Amino acid sequence: MTALRLFFFAEFATVALAAPVLGLLRRRISSKLFLVGGPLAVAAVPLAIVVHLWLPAQPVWDAVWLQLLVAAFALAASGVAALLGRRWMRTGPLLATLLALAVLATPFWGDLLWNLDHKAARSAARGCLVAVNPLLTAAKALHRFDWTHGPVLYSKPGGIKMTRLGEDFPYAPTPVWLLSLCYLGTGLLAAVIAGLVRQKGRPAEYLLAPRRFC
């Protein structure tokens, strides 16, 4: 695993752990989103300089787009945390963290759905769990890294064995730009819904007031 690939994998894991919790430091929804998404998006500039100077073989724009994907993933995690926090103030961010980690870990727990008896449901589950995972997208974007290089444990009919993702069925990660837009849209949609949800004891939160988002 190259240093750049390891960097992005670690960055996604860090965002999943930290982004929902950092939102607790701000009350306004827009502040929750900007707290993590803004710095991560701006970090694409120094990252491009580092890649250009120390990793000349790696296309700079690949690193830039992947950094923007990290920022979009952070916005999605923050938006979902803000939404869940309307119902569960303390445990909402924790649930968002667990959800973000589950998205990153689909190759490890996906066997629960990949072994469904119904062929169409099994095929849909495979495609969905691959499509939402940004690690698979990052691995493909960085020198076409093949996830099958790393063995993963899957439960198989008739027993458990070691296999490699991609050998049992082909998979196609989502393009970086498309997954970035999906995560960005998820974060913004969750933030808007969070702004519309009434928090118990505060009737004014029925309204979509501008001060709630700025």
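Screening the stretch 47-113 for helices (runs of 4 or more DSSP H) wholly inside it with 2 or more residues that are among the charged types (D, E, K, R) returns the ranges 60-87. Could you please find all residues in the stretch 32-46 being surrounded by 15 or more Cβ atoms within 10 Å (Cβ to Cβ) and assigned to a helix (DSSP H, G or I)? The answer is LYS32, LEU33, PHE34, LEU35, VAL36, GLY37, LEU40, ALA41, ALA44.
Every number here is computed from the coordinates shown, using simple stated rules; none is lab data. Everything numeric here is computed off the predicted structure, so don't read it as measured data. Note: ideal-geometry Cβ built from the backbone for every residue, glycine included; neighbour counts use all protein chains shown.
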